[in-house]
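Asker: Please find one structure pasted underneath; my questions will follow.
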Amino acid sequence: MRPIDAARTFAGFGGNSPASMALVAVAIAGNCTTIILAFALLYTFVKPVFMERSVGDRRVYENLIPLFSNLMWALYTSVSHPYKPFFFIASGMGFVAQLICVFVYIYFAKGKKQTQALLLSFAFTAIALIITLLVACMVLTDRWSSTFIDVIASVSGVSMHIVLVFDLVTKRKEVHNMNPITLLISLFGALAWTSNGSISVPVNYYVVVCTPSVHPCRST
């Protein structure tokens, strides 16, 4: 198999037209940025928390919402046709990275913050399990509606970005806490995924509306 054919299969797109090649390119670029940002969490979140031995003014929902979003995108791609293994791997790695952050947060949180983190984690886990079971049941009973998981994945991703902006504008106006490198990588990923959704035939509005990526923007 030629490298380009392997890339098409891995990205989940076929064809030899320029549009198909562009889809493969932006899909690979978007997935690579998602993976890079997942690893970046070890530096932007896990390392500072371990060094400080405290979660500081961080909030657990900053990781729970991306965790849920990555899980929904992993479900989305696991039942999509054609199957997109690279997308699934990238979403899965984002999920694992955010899960590590949640465990680290709960471990180092104290008192009321730890209790709130545990309660929110249980709530998100229950919702995620219910949705996962619903998707499995619909697939197994041939009553699958792709719109179901598409909408949930897109809404969860949009919520992730809304929370980030809301938190920055209303509660944290300290720009020096933002990591410029991860912000640039996030921007590149957003451009790649927006391009991917826009040039798909038909246009994938779920991907256009929401770019499935983690957002480790804090450096301290």
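Asker: Of Leu75, Leu191, which has the most accessible area with a 1.4 Å probe, and how do the rest follow in descending order?
Answerer: Leu191, Leu75
Asker: Send over a whole-number figure in Å² for the accessible area per residue of the range 29-88, probe 1.4 Å.
Answerer: Normalised by residue count, the accessible surface of the range 29-88 is 40 Å².
Asker: For the charge dipole of the range 27-158, defined by +1 on Lys and Arg C-beta atoms and -1 on Asp and Glu C-beta atoms about the Cα centroid, which residue among Tyr43, Val135, Phe124 has the Cα displaced farthest towards the positive pole?
Answerer: Checking the options against the dipole of the range 27-158, the answer is Tyr43.
The values are calculated or read from the model by the stated rules, or taken from the named source; none is laboratory data. What you see is a predicted model, and the numbers here were worked out from it, not measured in a lab. Neighbour counts are summed over all protein chains in view; Cβ atoms, including those assigned to glycine, are modelled from backbone coordinates with ideal geometry. Areas reflect the complete protein model, heavy atoms only, side chains present, ligands, DNA and RNA absent. Shrake-Rupley method; radii C 1.70, N 1.55, O 1.52, S 1.80 Å.
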